[in-house]
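Presented below is the structure to which this report refers.
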């Protein structure tokens, strides 16, 4: 067992890694090993897998890994609730002040996690989110076209300065995330909503790669007809944001 192990008698970790998964049985062990290789010896950390109602052997594979890794946790949804719900569950259950997320299919390379976490640490209270921006996308040409179109439309309406909100590699301050309004699809609008709360964003280029195995279980914001109402809902939230009044208690 490595020296990053977290037990109930030890302090909370510095960093929590949240991984939402649904039916990713063959990707569990390789990804966990890569996360450990990237973080061991650098931070006290935990890995929080949110098993979003998997119907394959994902839960059993995680249970086997948990016997060897005391800093690995599994949170299970009784039924699949979607990626946004899984990310939110993981961050709510996380114990670290800094939370990093990545997809569970292996397309997000954990080697980039240290750069994202360091960007949050260096930014202090000013930086709320370090967002990965994919280069060398491994999706089909049609999916890349859909994603580019969706990103252009989103940026034109929200002016969030982000070229890629679909990348699962992100690091953020847990308190900032928990202050955001929650809705299904939230994870696709994090840059705009974090800016709404007055926090800065740092962007980190990351290299995309093919998934280890299996097929995609979660959709992306490349289906405009699904995301269009959310898009204008976020625009409305930004427009309606009011500054938080300065308050002091009178004694």
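Quick look at the numbers
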| read-out | value |
| --- | --- |
| 3 or more residues touching a strand residue (DSSP E or B) at 6+ places or on another chain (Cβ under 6 Å) and closer than 22 Å to residue 174 by Cβ: qualifying helices (runs of 4 or more DSSP H) within segment 1-100 | 83-93 |
| Verdict on residue 102 being closer than 20 Å to residue 52 by Cβ, crowded, with 16+ Cβ neighbours inside 10 Å and at pLDDT 95 or above | yes |
| Any chance residue 38 is modelled with pLDDT under 95 and either loosely packed, with under 14 Cβ neighbours inside 10 Å or touching a helix residue (DSSP H, G or I) at 6+ places or on another chain (Cβ under 9 Å) (or both) | no |
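The values are calculated or read from the model by the stated rules, or taken from the named source; none is laboratory data. Since this is a predicted model, take the numbers as computed values, not measurements. With ideal geometry, Cβ positions are generated from the backbone for all residues, glycine too; neighbour counts draw on all protein chains shown.
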